[in-house]
Structure formats: structure tokens, C-alpha cells
Amino acid sequence: MTDQAYTSRQAIAITGVTHRQLAYWRKTGLVIPSYQTRGGHARYSFTDLVAIKAAKQLIDAGISVQRLRRSITALTRLLPNLNKPLTELSLVATGDVVLIFHQGAAFEALSGQEWILPIAQLQRDIERHIHNVSSDARKQTDLFPELATETEFQQSNLKKAV
């Protein structure tokens, strides 16, 4: 990284945002420049450019500026040690949802709801279900032999699904 400060014009050229977007984001606090000249002109750090680029990509992916701002506000409440969420976290837009990846966990930015689906646990649950169905089927066919063909059909369908 570099300690260089970039002008608004350079930030626009590097990140691909418009002058209007950058000015609006600065005014509303979505992305605040790290430096200002004595004359009051904004100067952006490398980290600021990362935040601008991240915001642009999320907006291009369909996330509204308002939702992005609410997500950042929620993130700063949820993770109070963050100074600049757009540069310190990995964010992913999925439709109208912003997912955050932080310290091995994935969660939705606004609600904080965790989004990890333990695949291995799901596999064990499926196997346990098949085993229970098989046990129940054996008990049923012992009592009602005429159900054996239907139960065998159900068992083969469950095994195919796994």
C-alpha cells in the first residue's frame, strides 16, 4: 500500500465512480476522505479507494445506497472495533442481501443472522433419517408383509436422493 493521497479526479479515474456519486457519498458519509487540504479539498487514501471500489461493486450488484448505508451502520454496531467496514471486511451481494465474511463466519449485514450451513451436519442428518426410515420399514414389514414392496420402493428412492 502507499501513503499517497489522491484527488477526487484521480479517485474517480481509478475507481470508475462518477463525480456526482463521489460527492454524494462524501456528503452522506458513506465514504469519507481521509485527508483534506488547507483549502478544503478532499484527498483519498489507498484505503479510501478500496472503500469506494467496494461500494461501487455492491451498488453495481444491485444493492441500493440506502441499504448499503444501513448495512454499514448495523455492522459498526455489531462489530464496534471496525473503523472502515468497506475496507476491513469481505462483503458479498446476493440479490438484495449483503453478506459479511469476518473471522471465519458469514452473516447478513443488517440482521447479524449467521449464514453458515454446516454441510457435513446436513449429510449426517440425511443418513440418520434414512437409517430411521429403514428401521421403521423393517418393523412395518414384520407386522404387515404385504407392505414390503411399497417400503422397499420408498427406501430405494431415499437412497437415490442422497
Debye equation applied to the C-alpha atoms of the range 1-92, log10 I(q)/I(0) at 0.11, 0.13, 0.16, 0.19 Å⁻¹: -0.29, -0.41, -0.62, -0.88
Given a Förster radius of 25 Å and the C-beta distance between N83 and A13 as r, what FRET efficiency does 1/(1 + (r/R0)^6) yield to the nearest 0.05? 0.45
Amide proton proximity set for A106, modelled H, under 5 Å, gap of 5+: W115, I116
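Pairwise over distinct Cα atoms, reciprocal of the mean inverse distance: report the Kirkwood radius of the range 1-50 in Å, one decimal place.
Computed over the range 1-50, the radius equals 10.8 Å.
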Among the trypsin sites (Lys or Arg not before Pro) in the range 13-66, which ones are in a DSSP loop with at most 13 other Cβ atoms within 10 Å of the Cβ? Mind listing them? R38
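FYI, it's all coordinate maths here, none of it is from the lab. Remember, predicted model here, so these are calculated numbers, not experimental data. Because the Cβ atoms are built from the backbone with ideal geometry, glycine has one as well, and the counts that use them run over all protein chains shown.
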